[in-house]
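Read-outs throughout are calculated quantities, based only on the coordinates presented, and are distinct from any laboratory measurement. Here the structure is a predicted model, which means the values were calculated and not measured. Glycine gets a Cβ as well: all are built from the backbone with ideal geometry, and neighbour counts include every protein chain shown.
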Amino acid sequence: MHVFVTGATGFIGTAIVQELLSGGHQVLGLARSDASAKKLIEAGAKVLRGDLEDLESLKAGAAQTTGVIHAGFIHDFTRFPAVCQVDKKAIETIGEVLAGSDRPLIVTSGTALVSPGKLATEDMIAPVNPAWPRASEQAANNAAALGVRTAIIRLSPSVHGHDDKHGFVPILVNIAREKGFSAYIGEGQNRWNAVHRLDAAYLYRLALENAAPGARYHAAAEEGITVKAIAGAIAKQLNIPVKSIAPEAAAEHFGWFAQMAAIDCPASSTWTQEQLNWHPAHSALLTDIENGVYTK
């Protein structure tokens with residue numbers, strides 16, 4: 001298959017590109033800079049210059065390929081509502097090009113807000129949350145209404161592994177270094193689910209090749225790891241204390257990240273594993289932290 005990949009040079013996207021190429025697919029990667037283009041060429045992919053706000057480049061990529069993986073997102077949390085709208089428009093633009101065809105469109109979402117406080121499963125519909133206005137699943141549904149063969153990959157809050165510079169664990173590490181201690185909120189029993197980026201990349205390929213139309217898949221290798229355990233592992237690596245902070249102090253300590261530091265979001269991937277024969281095989285989150293992946 002000839003696959004157009006947005007976010008092709010990002011932390012997850014680079015792994016997706018390698019997975020697709022290893023699986024015998026051709027890849028056309030979206031690149032907004034010379035450095036990104038060079039990275040794709042060296043990997044063995046072809047390059048389309050553009051970005052998520054350049055809708056003509058998205059149309060061109062979708063028009064000349066037989067499948068699309070939308071893994072791109074602008075990680076600028078200072079204008080989060082705006083970049084969520086960019087994401088939504090990008091998906092809908094690609095969907096308009098694919099309308100009425102049998103070409104797959106794999107869209108990226110997340111597990112974190114599907115069912116806070118309860119185990120999230122693939123059959124659950126993600127609610128619209130004004131506090132976290134990412135609308136990728138709604139945009140995928142809009143594309144499906146046009147006759148596009150869509151499927152959704154819900155990523156874990158922690159997609160971990162080497163070269164993770166901007167994910168949630170690096171945020172916790174940076175805050176811990178700045179404050180001089182690694183913190184969790186209250187008893188720290190709220191849970192994140194997690195997946196290694198190479199396992200996530202494999203799931204994208206499986207979904208591209210075998211997804212049922214309209215299906216939602218969970219890239220969650222571990223159902224739930226307490227934030228207390230994550231904070232403790234970070235503290236040990238940085239040789240600093242680990243402390244509990246009161247909920248009312250969370251905003252001051254974590255800043256804009258307080259909501260994610262407090263969220264309880266376990267997620268199951270049992271159905272995903274059964275449907276796509278996906279069996280995560282790479283290292284666990286705490287293993288990566290304990291091996292110094294985030295602190296060396």
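Results, tabulated for the structure shown:
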quantity: Descending principal axes extents, the stretch 137-195, alpha-carbon based, whole Å; calculated: 53, 28, 17
quantity: Bridge type composition, the chain - antiparallel percent by DSSP, nearest 5; calculated: 10 percent
quantity: When the convex hull of its Cα atoms is projected in every direction, mean area for the stretch 75-171 (nm²); calculated: 7.3 nm²
quantity: Principal axis dimensions, largest first and in whole angstrom, of the stretch 133-246 by Cα; calculated: 54, 27, 22
quantity: Nearest 10 degrees, 0 to 90: helix 168-179 Cα axis against the chain principal axis; calculated: 30 degrees
quantity: The stretch 17-83 - percent relative contact order, Cα under 8 Å, separation 6 or more; calculated: 23 percent
quantity: Net +/- balance of residues flanking A233 in space, Cβ distance below 13 Å, scoring K and R +1, D and E -1; calculated: 0
quantity: For the stretch 159-266, size of Cβ-based charge dipole, Lys and Arg +1, Asp and Glu -1, in debye; calculated: 180 debye
quantity: Stokes-Einstein diffusion coefficient of the stretch 184-296, Kirkwood radius over Cα pairs, 37 °C, 0.692 mPa s, in µm²/s; calculated: 211 µm²/s
quantity: Nearest-0.05 FRET efficiency for A63 and L119, computed from C-beta distance (R0 51 Å); calculated: 0.80
quantity: Karplus (6.51, -1.76, 1.60) ³J(HN,Hα), θ = phi - 60°, over the stretch 196-206, in Hz, Gly and Pro reported as x; calculated: 6, 5, 6, 5, 5, 4, 4, 5, 4, 5, 4
quantity: Net charge dipole size for the chain [Lys, Arg +1 and Asp, Glu -1 on Cβ; Debye, nearest 20]; calculated: 340 debye
quantity: In range of the label at E178: residues from the stretch 69-90 whose backbone nitrogen is under 20 Å from the point 7 Å along Cα→Cβ; calculated: 75-81
quantity: Debye log10 I(q)/I(0) for the chain, one point scatterer per Cα, at q = 0.12 Å⁻¹; calculated: -0.75
quantity: Taking the chain and dividing mean pair separation by its residue count, relative contact order in percent (alpha carbons under 8 Å, at least six apart); calculated: 19 percent
